[in-house]
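First up is the structure itself, then whatever we jot down about it.
The values are calculated or read from the model by the stated rules, or taken from the named source; none is laboratory data. A quick note: this is a predicted structure, and the numbers were derived from the prediction, not measured. No Cβ is skipped: glycine too gets one built from the backbone with ideal geometry, and neighbour counts run over all protein chains shown. What goes into the accessible areas is simple: the full protein's heavy atoms, side chains included, and nothing from ligands, DNA or RNA. Shrake-Rupley method; radii C 1.70, N 1.55, O 1.52, S 1.80 Å.
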Amino acid sequence: MGASGASERARVLCEDTLRIKEQIYGPGHPELANSLGTLAMVLGRLGRHEEAVSHYEKSLALEANAGVSENLGALLGQLGR
């Protein structure tokens, strides 16, 4: 299997992983961010740049939202809420 064949196999595995995580956690869950980023990297290697950018943007948005949620949760915990 050549480099492009390995990257194509990696894409399939990344998509499968993402689909399973979406079933477990639900869409939009921060746990999906890493899988989206990995899929984006693989898509970039395959020359599918527009798809890669879209997945990177989704990953970043989930990570940003997770940080806000964690920070808010910590602050509310300090306030006893």
On the accessible surface of the chain, probed at 1.4 Å with all protein chains in place, carbon and sulfur together account for a percent value of 56 percent
Net charge near residue 48 (other residues with Cβ under 14 Å of its Cβ; Lys, Arg +1; Asp, Glu -1) is -2
Reduced Cα scattering model of the chain, Debye log10 I(q)/I(0), q = 0.15 Å⁻¹: -0.59
The chain, helix-only ellipticity at 222 nm - DSSP H runs n ≥ 4, -39,500 (n - 2.57), divided by all residues, nearest 500: -28500 deg cm²/dmol
Taking only protein heavy atoms and a 1.4 Å probe, what accessible area per residue, in Å², does the chain have with all protein chains in place? 68 Å²
Could you work out the relative contact order of the chain? I mean the mean sequence separation of Cα pairs under 8 Å and 6+ apart, divided by the number of residues, in percent. 27 percent
